[in-house]
1. Enumerate the strands (runs of 3 or more DSSP E) found wholly within the stretch 284-334, keeping only those where 2 or more residues are in the same structural domain as Leu252 (by TED's automatic domain parsing).
2. If the requirement is being of a type in the set (Ser, Thr, Tyr) and at pLDDT 95 or above, which of these qualifies: Thr91, Thr100, Thr55?
3. More than 7 Å from the ligand (Cβ to nearest atom), more than 17 Å from Pro341 (Cβ to Cβ) and assigned to a strand (DSSP E or B): does that describe Val5?
4. Taking the residues in the stretch 180-218 that are more than 20 Å from Asp4 (Cα to Cα) and either of a type in the set (Val, Ile, Thr) or outside the structural domain of Ser321 (by TED's automatic domain parsing) (or both) as candidates, determine which candidate is surrounded by the fewest Cβ atoms within 10 Å (Cβ to Cβ).
5. Being under 22 Å from Asp353 (Cα atoms) and of a type outside the set (S, T, N, Q) is the filter here, so list the residues in the stretch 178-224 that pass it.
6. Just one of Arg307, Arg334 is of a type in the set (D, E, K, R), under 16 Å from Gly9 (Cα atoms) and buried (at least 24 other Cβ atoms within 10 Å of the Cβ); which is it?
7. For Ala364, only one of the following conditions fails: (1) away from the ligand (no atom under 12 Å from the Cβ); (2) at pLDDT 95 or above; (3) among the aliphatic types (A, V, I, L, M). What is its number?
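The values are calculated or read from the model by the stated rules, or taken from the named source; none is laboratory data. Bear in mind that the values here come from a model prediction, so they are computed numbers and not experimental data. Backbone-built Cβ (ideal geometry, glycine too); neighbour counts: all protein chains shown.
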Amino acid sequence: MGTDVLIVGGGVIGLSIARELSKRGVRRMMVIDKGRIGGEASWAAAGMLAANAETRIDDPFFRMCVESNKLYPQFAAELLEETGIDIELDTGGTLCLAFTEREEADLAEKFAWQTGAGIRVQTLEAGEIREREPAVSSAARYALRYEDDHQVENRKLVAALRKYCEIEGVELVEGVQITGLLIEKGVLLGAASRDVRYTASKTVIAAGAWTTELARTMPSVGTVKPIRGQMISFAPPERFLHSVVYTSEGYLVPRTDGRILAGATVEDAGFDKCVTADAISQLKAMAVRTVPRLGGVDVGNAWCGLRPLAEGGYPVIGWASEIRNAYIATGHYRNGILLAPLTGRIAALEILDGSRSAEYQYFAPRDAAMTGNAAAAQSNKP
Ligand SMILES: Cc1cc2nc3c(=O)[nH]c(=O)nc-3n(C[C@H](O)[C@H](O)[C@H](O)COP(=O)(O)OP(=O)(O)OC[C@H]3O[C@@H](n4cnc5c(N)ncnc54)[C@H](O)[C@@H]3O)c2cc1C
C-alpha cells in the first residue's frame with residue numbers, strides 16, 4: 001500500500017501535522033493508529049493551555065508554548081468553520097492559589113520574575129479571589145491570575161481534527177499496530193504492520209509514549225518514556241467554577257458542560273494504564289480542599305493516560321539524523337494539547353520545503369537528546 005506521507009500515531013500531534021500538510025496541498029496521506037484515533041494521551045488530557053502559569057525561565061520552550069497559545073483562537077475558529085465542531089476554547093483564565101505563607105511567598109517570587117519577563121499576571125488578595133470565584137475555599141489567601149492561559153475540550157479537539165482529515169480525504173486506519181520500519185540503505189521507505197507494508201515518500205513518527213519502540217534505530221531521537229496521569233471528574237448540578245484553578249497539589253478544570261475535572265497524578269508506571277483507588281481519593285481530597293462544595297458531589301468518572309516524556313524533557317520535532325525521510329514529532333509530555341497547532345506548522349513547513357526557524361532548531365532530534373535539564377523546567381506543567 002503506498003502514499004505520499006504516512007503518519008504513525010493518530011493523537012493530537014499526528015492529526016495536527018496531517019491537517020497542516022493537507023492545507024499545504026498534500027493529497028495522498030495516511031494516519032495509522034494501533035487503537036482508536038485520538039484515544040490515548042490526547043483523549044485523557046485536561047486541555048489546559050498553560051503557556052504562562054508555571055513558567056520560571058525564559059527559554060525556547062517557554063517561547064514555543066506562548067507562540068502556540070497565540071495560535072489557538074484562530075485554530076479554534078478555523079476548525080469550527082471546517083468541521084462544525086466547537087473545541088470550546090474557554091478564555092476564563094487561570095488562577096494559581098496559595099493556602100499557606102510559604103506558598104504565598106513562592107507565588108510572590110514567581111510574580112516578580114514573571115512580570116519582569118513580560119508575562120501578563122495579576123495578584124489577587126483573599127477577598128478578590130472570593131469575588132472572582134466564590135466557590136473557592138476561604139483558606140485561599142493569595143493568588144496569581146493569568147488571563148492568557150485558557151483551556152479547550154481536548155476530546156472535541158481530537159474529534160475536530162479527525163473530521164477535518166475525513167473531509168479532506170486523509171486515510172485513517174485504526175486498530176493497526178505498526179511493528180517495524182522499512183529501512184533500505186539508510187532511507188525510510190515506510191512502515192509495516194504484522195500483515196501489511198505501507199510504503200511512503202515520507203514517514204512521520206508521532207507515536208507519543210510508544211515512540212521508542214519504533215525509533216530504536218535512531219539514537220538521535222533518544223528514549224521517550226510513558227508518564228501516567230490519572231484524573232477524575234465531577235458533574236455538579238450547577239456551574240460554580242469559572243477559571244482553571246491550580247494549587248500546589250493539583251488542578252481543577254471547569255468544562256462548559258458543567259463538569260469539573262481534577263488532575264493529575266505524575267507516575268512512572270511503565271505502560272500500565274490502571275486507575276487506582278489511592279489516586280482517586282487523593283484527587284478527590286485535593287478537589288474538596290480547593291472547592292469545598294465538591295465534597296457533596298460524587299466522582300463521576302476516573303481515567304488515565306500516558307504522557308510522552310522525551311529523554312531531554314523537551315519535545316523532539318524534526319528529521320531523524322540517521323535515516324532519511326523519517327520525521328519525528330513526539331515528547332510533548334504535559335503540553336501536547338497546547339503545542340499541537342504550532343507543532344503541526346513546524347512539521348508541515350519542514351517536511352514540505354525544508355524550512356525551519358532557528359528558534360525551533362532547539363527541538364531537532366539531535367539537539368533534543370543532548371539538552372539535559374529541561375525536565376526540571378517542565379516539572380510543574382500540567
Ligand atoms: C492526565 C493528563 C493530563 C494532561 N493535561 C494536559 C493539558 O492540560 N494540556 C496539555 O497541553 N497537555 C496535557 N497533557 C499532555 C498531552 O495529552 C500529550 O502531550 C499529548 O496528548 C501527546 O499527543 P501525542 O499525539 O504525541 O500522543 P498520543 O495522544 O498518545 O497519540 C499517540 C498515538 O500513537 C499511537 N501509536 C503508538 N504506537 C503506535 C504503533 N506502533 N502503531 C500505530 N499507532 C501507534 C497511539 O495509539 C496513540 O493514539 C496531559 C496528559 C495526561 C495523560
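1. Hits in the stretch 284-334: 299-310.
2. Thr100
3. Yes: the conditions hold for Val5.
4. Ranking the candidates gives Thr217 first.
5. Answer for the stretch 178-224, where residues must be under 22 Å from Asp353 (Cα atoms) and of a type outside the set (S, T, N, Q): Gly186, Val187, Leu188, Leu189, Gly190, Ala200, Lys202, Val204, Ile205, Ala206, Val221.
6. Arg307
7. (2)
For (1) in contact with a Ser or Thr (Cβ under 8 Å, 6 or more places away or on another chain); (2) part of a helix (DSSP H, G or I), each residue gets a yes or a no:
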residue: Leu21; (1), (2): no, yes
residue: Phe62; (1), (2): yes, yes
residue: Val66; (1), (2): no, yes
residue: Asn69; (1), (2): no, yes
residue: Ala77; (1), (2): no, yes
residue: Leu97; (1), (2): yes, no
residue: Gly127; (1), (2): no, yes
residue: Arg130; (1), (2): yes, yes
